C-alpha cells in the first residue's frame, strides 16, 4: 500500500495538469472548426448585401445552385422582406424557402448582422450569417450552409481527444509508478 500511495502522490500533480490542458486543446480546436464554418457565409452575405445596396436585382446575387437544406452541403443565400418573409433564394427546406426563427430578424434590425446556428428539424443544423440591407428589393440577406461536415469533424475530435486524454493519464501514471519504483528504492 505505501508504494501505491507514493505513486498517486507523484501522479496527482501530473493528472491535475493534464485535465485542464486537455480541455483547453479540445476547446481551442473545436472553436477553430466551428468559427471557420461561418467563413463562406460571411463572404456571401457581405457580397450580396453590397450588391443589393448598390442596386443589383435579387436574382443576380443568388448562387446558381439550388440547395436542399435537408441534405445539401453547398452554401446558399435567401433574401427576406422587412417582415422577415422570404422573397427569393437558393436554399429551400421541404420545397419552400427556409427561414430562421423570427427573433433573428429583430436582432439584425438592431445590430445590423447576426451569426446564428438554427435547426429547422432534428439532424439539420445550419450555420448562417444574416445582414440588414438598405435595398428596397430585400431588407435582409441570409447566407447559410449545413454544419454536417463540421459536426462530423467535431465528433472525430471528441474521440481523438478522449483517447489522447486517457493515454496521457495512463502514461503519466506509468511514469509516476516507474519513478517511484526507481527513486523510491534509492530512498
Review point. Being closer than 25 Å to residue 132 by Cα, surrounded by 14 or more Cβ atoms within 10 Å (Cβ to Cβ) and at pLDDT 90 or above, is that true of even one residue in segment 27-40?
Key: yes
Practice item. State whether the residues of segment 138-156 include one that is in contact with a helix residue (DSSP H, G or I) (Cβ under 9 Å, 6 or more places away or on another chain), more than 24 Å from residue 24 (Cα to Cα), assigned to a loop (DSSP other than H, G, I, E, B) and touching a residue at least 60 places away in the same chain (Cβ under 8 Å). Key: yes
Review point. Does residue 63 fit the bill of being surrounded by 14 or more Cβ atoms within 10 Å (Cβ to Cβ), at pLDDT below 95 and out of contact with any helix residue (DSSP H, G or I) (no Cβ under 7 Å at 6 or more places or on another chain)?
Key: yes
Check your understanding: Taking into account only those residues within segment 167-180 that are surrounded by 12 or more Cβ atoms within 10 Å (Cβ to Cβ) and without any contact (Cβ under 8 Å) to a residue 40 or more places away in the chain, which is farthest from the chain's Cα centre (by Cα)?
Key -> 178
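The values are calculated or read from the model by the stated rules, or taken from the named source; none is laboratory data. Quick caveat: nothing in here was measured; it's all calculated off a predicted structure. When we count neighbours, we look across all protein chains shown, and the Cβ atoms used for this are built from the backbone with ideal geometry, even at glycine.
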